[in-house]
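My questions all concern the structure below.
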Amino acid sequence: MDIEALKTSTGVTDDPARSGSLPAWAYLDPDVYEREKHELFYKTWHYAGWVGDLQAPGDYLTAELIDQSVIVMRGRDGALEGFHNVCQHRGHRLLEDSGRVAAITCPYHAWAYDLDGSLKRARATEHTADFDRGCFSLKPVRVEVLADKFVFFNLDPDAAPLGPRVEDYVADIRRELPQFDRLVKVAPRQRTEEEERRYAENSTIRANWKIVMDNFLECYHCPPAHPGFLRDLTFDDLTYTGHELWAKQESGTRRPDGDRQIFWTLFPGFVFWNSGTREKQAIHAMNFVVPEGPALTSMGRMDVYRLPEEADTEEWRPDWGDVGGEDKSLCESVQKGLASLGYDRGRVIHNPGSGNNEEAMHAFQRFVVRALGI
């Protein structure tokens, strides 16, 4: 498909009241997915983890982005460093998961890199002509700490800093969650067998990643599709608002304490939400979608944050029924339907101040259109 020829044909306009939704080809065409990898995912900021896990020199964590892997590490000078997670000798991955190392040593041929990414040792290269260790440093990756808590990375060396562009996002989180700055990452509770079964069934969705994000960013489908969800959340005061780089979903609940449920989405796919009660405060943070191909999406790793004094208490979770399974079924049906010769594109439902509103989804689709230049 000639992407350039389609730049004016998305139908997505700046005004959600008059905008169409993304056309079917934007979800189906493999060329669009390849463009998304290079122009959207490789050039935007993505969640890697908690800065508190990177306290001492050599502390590291790894993060995945489609077919890319990165290392974020605390350097000897105290600064955070980011590297592509690949040895410069034969391309073997260097580190897995998280931990602490004195040096980054490749498990394949034992090339060793210092914490600043420079090559310290390459075995048996004494007689290799013109071998210059300075030419084999690890390739750097941009890293940044958002809200003094969340570590983000960007594969684009020329990317604009994230913080100044999302000051309103961080300010809104801190306004809604006065104790946000005290939250620390904790071990998630162990899932029950039934929860583990559901998670395994629902964590992979045979649909384009944008279908999953579209579905998440609107609750227009909730009354017919999510009866369990609406037994907890109140639909009549559910609001969805969209901004240039983020969206917010907010609802009251039917709980006796009157808690509110809020989701903040930083595009393209970082989702952060308050998941506790006033008595048991907690938040969850995750890369909500992990694209695996044009028509396959996985759910990312989820981190749990709580107040230090509540770190060891039982994690509270609302009973929303099988929302994950319901959404999986909906998204996979949409993926099939978009291939129909009888469908081209839909219309954004604009109904401000109501749960029947797709303003947040529209903001996300505008973000995609801008990122891809279509």
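Specify the residue with the greatest mean-square fluctuation among Pro140, Pro16, Pro256, computed from a Gaussian network of the chain linking alpha-carbon atoms under 10 Å apart.
Ranking Pro140, Pro16, Pro256 by mean-square fluctuation puts Pro256 first.
Considering amide H positions built from the backbone, and no H for Pro or chain starts, which residues 5 or more places from Asp59, or on another chain, come under 5 Å of its amide H?
Arg74, Val101
Given a Förster distance of 25 angstrom, what is the FRET efficiency for His350 paired with Phe235, based on the Cβ-Cβ distance and rounded to 0.05?
0.90
Compare the peptides 216-222, 188-194 by average per-residue count of other Cβ atoms within 10 angstrom and give them in order, highest first.
By packing density, highest mean first, the sequence is 216-222, 188-194.
Turning to a different aspect of this structure: If amide H atoms are built 1.01 Å from N in the plane of the peptide, which residues on other chains or at least 5 residues away come under 5 Å of the amide H of Ser21?
Amide H to amide H, under 5 Å and 5 or more residues apart or across chains, Ser21 pairs with Gly346, Arg347, Val348.
Given the -39500 (n - 2.57) contribution per DSSP H run of 4+ residues, what per-residue ellipticity at 222 nm results for the chain, rounded to the nearest 500 deg cm²/dmol?
-5500 deg cm²/dmol
Charges at C-beta only: +1 for Lys and Arg, -1 for Asp and Glu. How large is the resulting dipole of the chain about its Cα centre, in Debye rounded to 20?
That gives the chain a dipole magnitude of about 440 debye.
Can you work out the FRET efficiency for the pair Arg18 and Asp97, with r the C-beta to C-beta distance and R0 = 56 Å, to the nearest 0.05?
0.70
Using only alpha carbon positions, build the gyration tensor of region 46-154, then give the equivalent ellipsoid semi-axes as the square roots of 5 times its eigenvalues, largest first, whole angstrom.
Semi-axes, largest first: 26, 14, 11 Å.
Then there is this: Please arrange Arg301, Arg345, Arg18 by counting, for each residue, the other beta carbons lying within 10 Å of its beta carbon, fewest first.
Sorted ascending by nearby Cβ count, the order is Arg18, Arg301, Arg345.
Working only with C-alpha atoms, what are the Rg and Dmax values of region 164-372, expressed in angstrom?
17.1, 57
If you don't mind, another one. Identify which of Pro161, Pro308, Pro224 has the largest mean-square fluctuation in a Gaussian network model of the chain, with springs joining Cα atoms closer than 10 Å.
Pro224
Going by C-beta contacts inside 10 Å, put Ser340, Ser354, Ser203 in order with the fewest on the left.
Ser340, Ser203, Ser354
Taking a threshold of 24 Å on the Cα-Cα distance, which of the pairs Lys43/Lys328; Lys37/Lys336; Lys37/Lys139 fall above it?
Violating the 24 Å limit, Cα to Cα: Lys43/Lys328.
Mind giving me the FRET efficiency for Asp168 and Arg301? R0 is 30 Å, r the Cβ-Cβ distance, nearest 0.05 is fine.
Calculated transfer efficiency: 0.65.
By count of other Cβ within 10 Å, fewest leading, how are Phe367, Phe267 ordered?
Final ranking by Cβ density, sparse to dense: Phe367, Phe267.
If you don't mind, there's one more thing I want to ask. Given a 10 angstrom Cα cut-off, can you work out which residue in Gly134, Gly324, Gly99 is the most mobile in a GNM of the chain?
Of Gly134, Gly324, Gly99, the most mobile in the Gaussian network model is Gly134.
So if I take the alpha carbon set of the chain, get Rg, then get Rh from the Kirkwood formula, what is the Rg over Rh ratio?
On the Cα set of the chain, Rg over Rh gives 0.99.
With the crude spin-label approximation of a point 7 Å out along Cα→Cβ, what separation in nm comes out for Asp312 versus Arg206?
4.7
Along the charge dipole of the chain, pointing to its positive end and built from +1/-1 on Cβ of Lys, Arg, Asp and Glu, which listed residue (Phe216, Gly163, Gly342) has its Cα farthest out?
Checked the options; the winner is Gly163.
Would you kindly enumerate the cysteines in the chain that have no other Cys beta-carbon under 4.7 Å from their beta-carbon?
Cysteines of the chain left without a disulfide-compatible partner: Cys135, Cys331.
With just the Cα atoms defining each centre, how far is region 66-95 from region 157-187? Give it in Å.
Answer, in whole Å: 24.
Quick note: the coordinates plus some simple rules give every number you see, no bench work behind them. Computed from a predicted structure; not experimentally measured. Glycine gets a Cβ as well: all are built from the backbone with ideal geometry, and neighbour counts include every protein chain shown.
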